[in-house]
1. Of Lys120/Lys147; Lys145/Lys192; Lys140/Lys188, which ones are farther than 23 Å apart at the Cα?
2. Please report the Cα spread of the range 41-172 along all three principal axes, rounded to whole Å, starting with the longest.
3. With labels modelled as points extended 7 Å from the Cα through the Cβ direction, what inter-label distance (nm, one decimal) is found for Glu119 paired with Val177?
4. With all pairs of different alpha carbon atoms counted, what Kirkwood hydrodynamic radius in Å does the range 104-196 show?
5. Expressed in nm to one decimal, what extension gain is obtained for the pair Ala88 and Ile62 from 0.36 nm per residue of sequence separation less their Cα-Cα distance?
6. Can you tell me which of 30-39, 176-185 comes out highest on packing, and rank the rest after it, using the mean Cβ neighbours within 10 Å?
7. Which lysines, if any, have their Cα less than 18 Å from the Cα of Lys71, not counting same-chain residues under 8 positions apart?
Amino acid sequence: MTTPPTGPTGPVVPGPDPRDADRRRHRTGWIVAVVILGLAVISLLIWALSTQSDLDSANTTIEAQQQAAEKAGESAKETGQKAQEASASAKQAYDGVSSDLAAETETSAQLQSDVNQAEKDKAKAQESAAQAQDETDKAKAETDKAKAEADAATSCAQGAINAFGAIFEGDNLRDGVDQAVARLQELKGTCKGPLSGG
């Protein structure tokens, strides 16, 4: 058996090894580093899950918006096709009426000239009727007056058909309607007398 070494005051008891303190400090540093690293990994995991959830939500929203846009596009396409069909039908109906009445396109000046001539012919026929001596002359004058009134009304009807045709001449429906309204306004002043019967 060995005896512990003795010193000036008695047996020397071995003290803590200074290397143990370094090892404890070194171990504590590793524990702190692992805890910090663990917290960083957990934080990154939480952030990644949150980001993935946000991304999934955004993708769902985008898909819903794309579907809504596709439906709106299909609806707009169908509406456009129906509008084109309606426009084509209206144009076809206009062409039919126009050809049935053999309406020639007249400018406002031509229309005004035709109506003025018809009004002059009507006035001349009224004067002839007033000056007529016998029933035959009166009947002829009344016939001429009726023909002049019919000519004026025909010119006004042709003008109205031509004005309506302006709807199909515009760059778009709004422009066409504006052109038609403007032509009808011009026609209103020109045809006021013949259409009122006066």
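Read-outs: derived from the displayed coordinates by stated rules, not from any lab. None of these values were measured; they are calculated from a predicted model. So basically every Cβ, Gly included, is an ideal-geometry build from the backbone, and we count neighbours across all protein chains shown.
1. Check vs 23 Å cut-off fails for Lys140/Lys188.
2. Cα spread of the range 41-172 along its principal axes, largest to smallest: 122, 23, 18 Å.
3. 3.2 nm
4. After inverting the mean inverse Cα-Cα distance, the result is 14.3 Å.
5. 5.6 nm
6. Ranked by mean Cβ neighbours within 10 Å, highest first: 176-185, 30-39.
7. Excluding near neighbours in sequence, the set is Lys82.
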